[in-house]
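Scroll down for the structure; my scribbles are underneath it.
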Amino acid sequence: MNNQELEKLTKVLELFEYQLYIENGYKNINGGYTEADMFNFDDEYIDIEANYGIYGEIKHTEQFNLKREHLMNWELSIAQIANLIEN
């Protein structure tokens, strides 16, 4: 991946983390967290692992993917790309 893709992916993952944080109700829970990181990629897909839960109590791990063509589509906004991340 080139630097432009990595910078854009960083922004997409930050928004994706926030979406998971809200969707799972951690916004109103003390100790709630979400983390999403790329762990692999090829020419077609970017593999993402998300960890979320409540520190010291609950932990969930899920894997997602994003079509690399979405990330490279400069007409899509960060929010649109984050919404295209799939299970």
Scanning segment 22-62 residue by residue, those among the β-branched types (V, I, T) and farther than 18 Å from I85 by Cβ turn out to be I29, I54, I58
Of the conditions (1) more than 12 Å from the chain's Cα centre (by Cα); (2) at pLDDT 95 or above; (3) farther than 18 Å from Q4 by Cβ, the single one that H70 does not satisfy is (3)
Take segment 21-53 and flag every residue that is touching a helix residue (DSSP H, G or I) at 6+ places or on another chain (Cβ under 9 Å), exposed (fewer than 15 other Cβ atoms within 10 Å of the Cβ) and modelled with pLDDT under 90.
K27
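The values are calculated or read from the model by the stated rules, or taken from the named source; none is laboratory data. Just so we're clear, the structure is a prediction, and the values are computed from it rather than from any experiment. Every residue, glycine among them, receives a Cβ derived from its backbone with ideal geometry; neighbour counts consider all protein chains shown.
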